[in-house]
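Structure record follows, encoded as structure tokens.
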Amino acid sequence: MTAKFVANQVIKHGSTAKAPKTIENSCDVVLTMLLEWGASMMPIKECIDFGTLCAANPNAGVRTVSMKLFAELYHHLGEAIRNFLTDIKESTLKVVEEEFKKITPYKKGEFNSARMPKGDAQAEMASAPAGGNLLDCLPREDISKQLTSKIIAEFKDKDWKVRKEAPEKIIEILKAAKMRIEPNGLGELMDCLKSGMKEANKAVLKSNM
């Protein structure tokens, strides 16, 4: 039984629970696992989503432990986690930001697991991303189907306003993907962006930068 499997079961239980104490305990278990096993052994996206759910809970105890969970996630992932906090209301996000200020993210290879894995967990740890590749724990989205021929054509449109809007549309796509995208199907887009760097219109050039 792997750490990710156990964590997912705890998160599933906590996400569907009604009693605040049960939710709080579930979040605390996930936090403890993260502290002991590290981010590379945990289902990171699910942990972030569960933290977001707990942060919106009306119970103070649940919200408090969710802040601790976010702080530890930031400890492992650094600034990359911010792109996944878009569903948190502004007032709560300010509290999260205060927690982040107290934390210095781990450097490459700095974290050492406090647990000695056995069986499936040992195999899981052996295949887990190393310190410098922890961002591989965060999911990537394939945006190739969103890069339609219409958008690509807008980069070369005669109307400068249309050319200006084209990279702005790409930015919105990237934001929706949490700035984590698959590297496939980007050839035409990269060519357009390179050409955009030679744009004579300053407004369009700024939009491409």
Quick one: count up the residues across segment 189-209 that are outside any loop (DSSP other than H, G, I, E, B) and surrounded by 15 or more Cβ atoms within 10 Å (Cβ to Cβ). 8
So which of LYS12, LYS18 is surrounded by fewer than 19 Cβ atoms within 10 Å (Cβ to Cβ), of a type outside the set (Asp, Glu) and part of a helix (DSSP H, G or I)? LYS12
In segment 144-163, what residues are closer than 17 Å to ASN184 by Cα, part of a helix (DSSP H, G or I) and of a type outside the set (Val, Ile, Thr)? SER144, LYS145, GLN146, SER149
(1) within 17 Å of PRO139 (Cβ to Cβ); (2) surrounded by fewer than 20 Cβ atoms within 10 Å (Cβ to Cβ): which one isn't true of ALA39, the others all being true? (2)
Yes or no: segment 71-80 includes at least one residue that is without any contact (Cβ under 8 Å) to a residue 40 or more places away in the chain, buried (at least 17 other Cβ atoms within 10 Å of the Cβ) and hydrophobic (A, V, I, L, M, F, W, C). yes
Every residue from segment 35-46 that is within 21 Å of THR86 (Cβ to Cβ) and either charged (D, E, K, R) or in a helix (DSSP H, G or I) (or both): ALA39, ILE44, LYS45, GLU46
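Every number here is computed from the coordinates shown, using simple stated rules; none is lab data. Keep in mind the model is a prediction, meaning the values are calculated, not measured. FYI the Cβ positions are ideal-geometry reconstructions off the backbone, even for glycines, and counts take in every protein chain you see.
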